[in-house]
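The values are calculated or read from the model by the stated rules, or taken from the named source; none is laboratory data. In this text the structure is predicted, and so the values were computed from the model without any measurement. Virtual Cβ from ideal backbone geometry, glycine too; neighbours counted across all protein chains shown.
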Amino acid sequence: MPSDLVCPDCKTVYEAGPSEPWRCACGHALEFLDRPHPEGDPLPVSRLDTTNGLWTFFEFLPIERHVTFYEGFTPLVTAPEWDASFKLEYVFPTGSFKDRGATTTLSRAMELGVDRVIEDSSGNAGAAIATYAARAGIEADIYVPADVKQSKLMMIQRADARPVRIEGCREEVTAACLDAVEGDSAASADGPPYQTGEGWYASHAWNPAFYAGTMTFAFEVAAQRGWTVPDALVLPIGHGTLFLGAYRGFSLLNEAGIVDRMPRLLGAQAAGYAPIVDALGGKTTDADGNTTSLADGIQIAEPARSSEILTAIEATNGDAIAVGSDPIETALDRLHRGGFYVEPTCAVAPAALREYRERGTVAADDDVVVPLTGTGLKTL
């Protein structure tokens, strides 16, 4: 049976179903009531059957596998010139780490008997949801900014999803999407925002099924390192789906007794779009007070789960910094020359790693993992 949902704040439980609310009536994001843990000692990666990709870790997941391309177990490679290891998340079927959440989210949709999903995205999450919806035989409407990259728009269209282009900022795209999700029969202002409109909200920011997928990033990192934990992870933060996925994944590994510590979680935001940095009291623009338009994938002014991101940073002695156009461009060129063909948003975390080292936040001998999150083939 599909897991019910629970609000971790007010403890209200909502029954699983295609009309389940996308958020609690109190405004808090919902989570799965079931929180499974595996039993026994983990196998070394050389003995793991990884043919099912990230679903190798099904014992951690409160969702049955229904929709998959056997994605996951992306390469973890050493990058000596960066004094780090890169996890190549851009080699997923749709070219970004968002496939981690798409496979679990569409599997959840199938469990619930959903016939149409709705998502809002700057491009990568929309392409992933559209692709996995096509695999599932479920219709999809994807709300995107009017100036979305053409390559990402084409991926959505080629998957036979319906792109809905919205003029305005990223927050206006979300607002238009939510109008469609809630529809005319939406609950009253003091009730939960049910999914009663044109489809089920497959949100990469709100839907707990998406985070069930992104936390497999942590399981893979640990397994590929012989079930050890790096000193630090440097991760991009827009809505924080990978950042929180890493936190949840390593937290579960600790609870299961598979590892015995947490890595420091160090965030990277784009200058001018750095609400987490602002909440921590840091500088949110570059040295000249400018914003950057390079990292369109993380230009989020109001992360849906900002309080959770701040909790993860505090719990791991982490931090977050904003990175401007010049260091992003420098990091992007350096990545390309090193053979890592990634999109500009992907260069934010490596650029932040350099800044963290210069600040002394990351020591010279620290063991660091950085995900490379999106392919350069999406820059067209």
Q) Which of the residues that make up segment 327-380 are among the β-branched types (V, I, T) and either within 19 Å of Y90 (Cβ to Cβ) or in a helix (DSSP H, G or I) (or both)? A) I328, T330, V342, T345, V348, V368, V369, V370, T373, T375, T379
Q. Pick from segment 101-157 the residues that are of a type in the set (K, R) and at pLDDT 95 or above: which of them is nearest to E71 (Cα to Cα)?
A. R135
Q | Any hit, segment 216-234, residues being within 25 Å of G17 (Cα to Cα), assigned to a loop (DSSP other than H, G, I, E, B) and not charged (D, E, K, R) | A | no
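Restricting to segment 21-55, give me the number of residues that are part of a loop (DSSP other than H, G, I, E, B) and within 20 Å of S251 (Cα to Cα).
So in segment 21-55, the residues part of a loop (DSSP other than H, G, I, E, B) come out as 22-30, 33-44, 48-52.
Pick out the ones that are also within 20 Å of S251 (Cα to Cα) and you get 29-30, 33-44.
Qualifying residue count for the region: 14.
Could you check how many residues of segment 213-240 are under 23 Å from D319 (Cβ atoms), among the polar types (S, T, N, Q) and surrounded by fewer than 24 Cβ atoms within 10 Å (Cβ to Cβ)?
Taking segment 213-240 as the starting set, the residues that turn out to be under 23 Å from D319 (Cβ atoms) are 214-215, 217-218, 221-222, 225, 228-240.
If we keep only those that are among the polar types (S, T, N, Q) as well, we get 214, 228.
Remaining after also requiring surrounded by fewer than 24 Cβ atoms within 10 Å (Cβ to Cβ): 228.
Number of matching residues: 1.
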